[in-house]
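The values are calculated or read from the model by the stated rules, or taken from the named source; none is laboratory data. Because the structure is predicted, anything quoted here is derived from the model rather than measured. Here the Cβ positions follow ideal geometry from the backbone for every residue, glycine too, while neighbour counts run over all protein chains shown. Heavy atoms of the whole protein, side chains included, go into the accessibility calculation; ligands, DNA and RNA do not. Shrake-Rupley method; radii C 1.70, N 1.55, O 1.52, S 1.80 Å.
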Amino acid sequence: MLAIGDKAPQFTLSDKDGNPVSLSDFLGKRVVLYFYPKDNTPGCTRQACAFAQNYRAFRDKGVEVIGVSRDSAASHTKFAEKYDLPFILLSDPELTAIQAYGVWQEKKLYGKVSMGVVRTTFLIDAEGKIEKVMPKVKPDTNAAEILAALNV
């Protein structure tokens, strides 16, 4: 797993409209980069809606919010439209950023072991370095915890 002070791994992924988005596009801005398992699942929906409800507060602080999952651009489009999500959703079906950030891990559910995305949030500073790492975050409180960290 990446640590505070590490250079954030660069990537270019497609957004919900199929446009390429690179992390380097946001140099000079702080970025909340959150990885989540799947569009339209209960926890992921609550997390996304919490970021949407707090989006203006993030923007007022000059912070961009980016969500990343393995879902397709078409899935992201439906998810964003259904819940009126104003921030960037990136599609990573090849696990490029997901593996670079170390969030593709073994998970256990009801005794079954499988590989999947562990819900993790990174705060990246304006120079592209990791400022905060939040592994295994709770969907309902993640956005508020990041906002509180920005106020410190």
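Structure above, values below:
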| read-out | value |
| --- | --- |
| Count of Lys pairs (Cα-Cα under 21 Å; at least 8 positions apart or interchain) in the range 27-152 | 17 |
| Amide proton proximity set for residue 132, modelled H, under 5 Å, gap of 5+ | 123 |
| Per residue solvent-accessible surface (Å²) - the chain, probe of 1.4 Å | 50 |
| Length gained when the stretch residue 22-residue 53 is fully extended (0.36 nm per residue, less Cα-Cα span) | 8.7 nm |
| Charge dipole (the range 10-58, unit charges on Cβ, about Cα centre) - positive-most of 50, 26, 14 | 50 |
| Solution diffusion estimate, µm²/s, Stokes-Einstein, the chain, Kirkwood Rh from C-alpha pairs, 37 °C, viscosity 0.692 mPa s | 214 |
| Pairwise label distance in nanometres, residue 141 with residue 12, each label 7 Å out on the Cα-Cβ vector | 4.0 |
| Ranking by accessible area, most exposed first, for 75, 69 with a 1.4 Å probe | 75, 69 |
| Theoretical ellipticity at 222 nm over the chain - DSSP helices of four or more residues, -39500 (n - 2.57) apiece, nearest 500 | -8000 deg cm²/dmol |
| Relative contact order of the chain, defined on C-alpha pairs under 8 angstrom at six or more residues apart (%) | 33 |
| Within the chain, longest stretch free of exposed GluC sites (Glu not before Pro) [DSSP loop, at most 16 other beta carbons within 10 Å] | 1-93 |
